[in-house]
Amino acid sequence: RKEVEQDPGPFNVPEGATVAFNCTYSNSASQSFFWYRQDCRKEPKLLMSVYSSGNEDGRFTAQLNRASQYISLLIRDSKLSDSATYLCVVRLNQAGTALIFGKGTTLSVSS
Amino acid sequence: NAGVTQTPKFQVLKTGQSMTLQCAQDMNHNSMYWYRQDPGMGLRLIYYSASEGTTDKGEVPNGYNVSRLNKREFSLRLESAAPSQTSVYFCASSEALGGYQPQHFGDGTRLSIL
């Protein structure tokens, strides 16, 4: 079983739609969780960290379910500029450096 | 704000040639990393440096060496390039290891080995 699994998509949605991405991780010792965004042929950029209580940043909401080892990202009111690949990222323990990246979910928002 | 700067942006090598990928960050970060990204794969860690003077292997270190030249610079060397090393290489840095320290990435080096 892969350590971090994501539905690769692509998700094709119209502007204004709400879209949700899911991610599962296999190692219960995972401690820190992130969503990164990667535009085509560009570097990954941190979108948001994901905390146990869940957190929101504007149109983006991230949730963590440690019992089910599941992370989600919800994007409301999608914009054309949201088109990108969204990477689910997990760190295995607080002291270690190992960030494990999922392969990413591709989102395409159309007008 | 330069952030993390990688050179070169593109490179084509022949099998067996050697080269060094350069990375520098201007954020006064302690930790630096080298990743590779292949089609259909997530980013994979090659080597990292927790702080100046230390380096450690990541998930896929074979065929590579690194040097943490100073706090700002972290280079990746391919001693004898192989076609399997054709990839996009990203350097990243963070203030420290662990926790919720975000990693900041350079814009990548696209390396092709013929």
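The values are calculated or read from the model by the stated rules, or taken from the named source; none is laboratory data. Here the structure is a predicted model, which is why all the values come from computation and not from measurement. Because the Cβ atoms are built from the backbone with ideal geometry, glycine has one as well, and the counts that use them run over all protein chains shown.
Per-structure values
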{"quantity": "Qualifying position, being hydrophobic (A, V, I, L, M, F, W, C) and either more than 30 Å from A:Pro10 (Cα to Cα) or assigned to a strand (DSSP E or B) (or both), among B:Met32, B:Met41", "calculated": "B:Met32"}
{"quantity": "Pick from region B:46-59, criterion facing another protein chain (nearest Cβ under 9 Å) and assigned to a strand (DSSP E or B), ranking: surrounded by the most Cβ atoms within 10 Å (Cβ to Cβ)", "calculated": "B:Tyr48"}
{"quantity": "Residue list for region B:1-29, filter: in a strand (DSSP E or B) and within 11 Å of chain A (Cβ to nearest Cβ)", "calculated": "B:Val4, B:Gln6"}
{"quantity": "Criterion: surrounded by 14 or more Cβ atoms within 10 Å (Cβ to Cβ), more than 14 Å from chain A (Cβ to nearest Cβ) and among the hydrophobic types (A, V, I, L, M, F, W, C) - qualifying residue of B:Leu43, B:Leu76, B:Leu114", "calculated": "B:Leu76"}
{"quantity": "Condition broken by B:Ser93, with the remaining ones in (1) under 26 Å from B:Leu13 (Cα atoms); (2) within 13 Å of the chain's Cα centre (by Cα) satisfied", "calculated": "(1)"}
{"quantity": "Residue count, region B:28-47 (criterion: under 11 Å from B:Gln103 (Cβ atoms) and in contact (Cβ under 8 Å) with a residue 24 or more places away in the chain)", "calculated": "6"}
{"quantity": "Restricting region A:53-109 to residues that are within 14 Å of chain B (Cβ to nearest Cβ) and among the charged types (D, E, K, R), the residue that is surrounded by the most Cβ atoms within 10 Å (Cβ to Cβ)", "calculated": "A:Arg91"}
{"quantity": "Any hit, region A:7-18, residues being within 12 Å of chain B (Cβ to nearest Cβ), part of a strand (DSSP E or B) and at pLDDT 95 or above", "calculated": "no"}
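Residues checked against (1) modelled with pLDDT of 95 or more; (2) in contact with a Leu (Cβ under 7 Å, 6 or more places away or on another chain); (3) of a type in the set (Phe, Trp, Tyr):
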| position | (1), (2), (3) |
| --- | --- |
| B:Gln11 | yes, yes, no |
| B:Gln25 | yes, no, no |
| B:Met41 | no, no, no |
| B:Tyr64 | yes, yes, yes |
| B:Phe74 | yes, no, yes |
| B:Ser84 | yes, no, no |
| B:Tyr89 | yes, yes, yes |
| B:Ser94 | no, no, no |
